[in-house]
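A.B. asks: Next up is a structure, given as structure tokens.
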Amino acid sequence: MWSMSETTRNQPPVAMTVAGSEATGGAGALADIKTFTSLGVFGSLALTCIVAFDPENEWGHRVTPVDQQTLANQLQTITAAYDLDAVKIGMLGHPDTIRTVATAMKELKPRHLVLDPVLICKGQEPGAALDTDQALKAEVLPLATFVTPNHFESLSLSGMESIDSVEDLKEAAKRIHDSSGAAVLAKGGVRLAGAEAVDVFYDGSTLEVLTEPKVGEVPVSGAGCSLAAAVTAELAKGAPPLDAARPAKSFVTAGIRHRLGSHLPFDSLWQGGYAAEA
């Protein structure tokens with residue numbers, strides 16, 4: 001018989017993701033858990049919704065929310081079971097879900113709360129999406145310690161009309177930090193012209209441009225989820241924010257190089273790519 005004291009030796013850090021399931025495994029909660037595992041972190045999951053693409057309707061998104069009591073139960077279970085080293089929040093998708101998660105995070109007060117600010121939930125009506133966006137900005141963004149907006153999300157969160165250059169991306173990162181207080185990793189991805197995929201890190205004192213050679217000019221499913229999850233994993237292991245951002249970007253770039261093709265109209269990042277290149 002093993003004892004509880006025996007299990008405390010050499011334990012991995014523990015992280016939680018609050019996210020939706022995307023059935024193909026390319027993005028969402030499954031991408032998060034695979035990223036955590038690949039980077040040596042024990043992952044737990046509070047599921048917010050289930051997404052199933054429709055192969056008979058141009059792979060459109062079919063979204064089924066998890067009811068609020070079930071979500072609250074998951075959050076209660078995980079936070080009672082573990083002393084979490086870091087939390088990642090991904091797709092929430094509905095104002096009620098945002099309120100449930102915000103309430104739990106206000107009580108938990110995690111040291112590291114990484115927000116992947118999914119502002120538009122595909123498959124929603126525009127009005128519902130707007131309500132979700134406003135609720136996310138008002139209730140979850142102020143709780144985040146690290147935020148990883150993509151090009152579109154950087155536009156929305158910064159209030160800028162366009163982001164067409166690295167200098168624009170720097171300005172967006174500064175504005176988002178100034179309004180939220182969080183460290184920011186603003187992603188240029190394939191949206192900015194040039195041979196390099198450029199992200200900008202800013203935490204109020206350090207401004208750094210992170211670059212990796214672009215791997216094609218088309219977005220890959222799971223890249224944003226995996227980047228935020230990789231940041232979460234590195235923070236859980238004790239890295240400072242900038243030192244979490246650097247390997248996270250390398251992890252994602254390797255995953256894109258080893259991306260998976262399928263019958264889907266896009267490729268999917270493979271979290272095993274980083275280890276395959278080691």
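The values are calculated or read from the model by the stated rules, or taken from the named source; none is laboratory data. Please read these numbers as outputs of a predicted model, since none were measured by experiment. FYI the Cβ positions are ideal-geometry reconstructions off the backbone, even for glycines, and counts take in every protein chain you see.
A.B. asks: I'd like to know if region 224-237 contains one or more residues that are surrounded by fewer than 23 Cβ atoms within 10 Å (Cβ to Cβ) and either within 19 Å of the chain's Cα centre (by Cα) or closer than 21 Å to L30 by Cα (or both). Walk me through how you get there before you give the answer.
C.D. replies: As a first pass, look at region 224-237 and keep what is surrounded by fewer than 23 Cβ atoms within 10 Å (Cβ to Cβ): 237.
Imposing the further condition that a residue be either within 19 Å of the chain's Cα centre (by Cα) or closer than 21 Å to L30 by Cα (or both) reduces the set to 237.
Checked region 224-237: at least one residue is surrounded by fewer than 23 Cβ atoms within 10 Å (Cβ to Cβ) and either within 19 Å of the chain's Cα centre (by Cα) or closer than 21 Å to L30 by Cα (or both).
A.B. asks: Name the residue, out of G93, G60, that is modelled with pLDDT under 95, at positive phi and either touching a strand residue (DSSP E or B) at 6+ places or on another chain (Cβ under 6 Å) or among the aliphatic types (A, V, I, L, M) (or both).
C.D. replies: Going through G93, G60 in turn, the sole match is G93.
A.B. asks: It is to be established whether one or more residues within region 103-113 are hydroxyl-bearing (S, T, Y) and out of contact with any strand residue (DSSP E or B) (no Cβ under 8 Å at 6 or more places or on another chain).
C.D. replies: We begin by selecting, within region 103-113, every residue hydroxyl-bearing (S, T, Y); these are 103.
Then drop every residue that is not out of contact with any strand residue (DSSP E or B) (no Cβ under 8 Å at 6 or more places or on another chain), which leaves 103.
Yes, the conditions are met somewhere in region 103-113.
A.B. asks: Do any helices (runs of 4 or more DSSP H) entirely within region 88-184 hold 2 or more residues that are of a type in the set (D, E, K, R), and if so, which? Step through it out loud before you land on a result.
C.D. replies: Numbers: elements: 95-108, 126-135, 151-158, 166-180.
Output list reads 95-108, 126-135, 166-180.
A.B. asks: I78: under 23 Å from N150 (Cβ atoms) and modelled with pLDDT of 95 or more, yes or no? Spell out how you get there, then give the answer.
C.D. replies: Values: under 23 Å from N150 (Cβ atoms): no; modelled with pLDDT of 95 or more: yes.
Taking the combined requirement at face value, the residue does not satisfy it.
A.B. asks: Would you check which residues across region 231-265 are of a type in the set (G, A, S) and closer than 20 Å to L113 by Cα and list them?
C.D. replies: Within region 231-265, A233, A236, G238, A239, A244, A245, A248 meet the criteria.
A.B. asks: Take the conditions β-branched (V, I, T), over 21 Å from A144 (Cα atoms) and crowded, with 21+ Cβ neighbours inside 10 Å and apply them to V87. Does it pass? Break it down into steps so the answer makes sense when it comes.
C.D. replies: Numbers: β-branched (V, I, T): yes; over 21 Å from A144 (Cα atoms): no; crowded, with 21+ Cβ neighbours inside 10 Å: yes.
In short, no.
A.B. asks: So, G216, is that one in contact with a Lys or Arg (Cβ under 8 Å, 6 or more places away or on another chain) and not polar (S, T, N, Q) or not? Talk me through it step by step, then tell me what you get.
C.D. replies: Working: in contact with a Lys or Arg (Cβ under 8 Å, 6 or more places away or on another chain): no; not polar (S, T, N, Q): yes.
So G216 fails the test.
A.B. asks: Scan region 163-182 and report the pairs whose first residue is without any contact (Cβ under 8 Å) to a residue 12 or more places away in the chain and whose second residue is of a type in the set (S, T, N, Q) and surrounded by fewer than 18 Cβ atoms within 10 Å (Cβ to Cβ), with Cβ atoms within less than 9 Å and a gap of 6+ or a chain change.
C.D. replies: D168/S162
A.B. asks: Note down all Cβ pairs under 6 Å where the first residue falls in region 253-278 and is in a loop (DSSP other than H, G, I, E, B), the second is among the β-branched types (V, I, T), and they're at least six residues apart or on different chains.
C.D. replies: R259/V220; D267/V220; L269/V220; L269/I256; Q271/T35
A.B. asks: With respect to the numbered conditions (1) buried (at least 18 other Cβ atoms within 10 Å of the Cβ); (2) farther than 13 Å from L47 by Cα, which one is the sole condition not fulfilled by G60?
C.D. replies: The one condition G60 does not meet is (1).
A.B. asks: Going by the conditions given, is A172 aliphatic (A, V, I, L, M), more than 27 Å from L45 (Cα to Cα) and touching a strand residue (DSSP E or B) at 6+ places or on another chain (Cβ under 8 Å)? Quick ask: steps written out before the conclusion?
C.D. replies: Details: aliphatic (A, V, I, L, M): yes; more than 27 Å from L45 (Cα to Cα): yes; touching a strand residue (DSSP E or B) at 6+ places or on another chain (Cβ under 8 Å): yes.
It is true that A172 is aliphatic (A, V, I, L, M), more than 27 Å from L45 (Cα to Cα) and touching a strand residue (DSSP E or B) at 6+ places or on another chain (Cβ under 8 Å).
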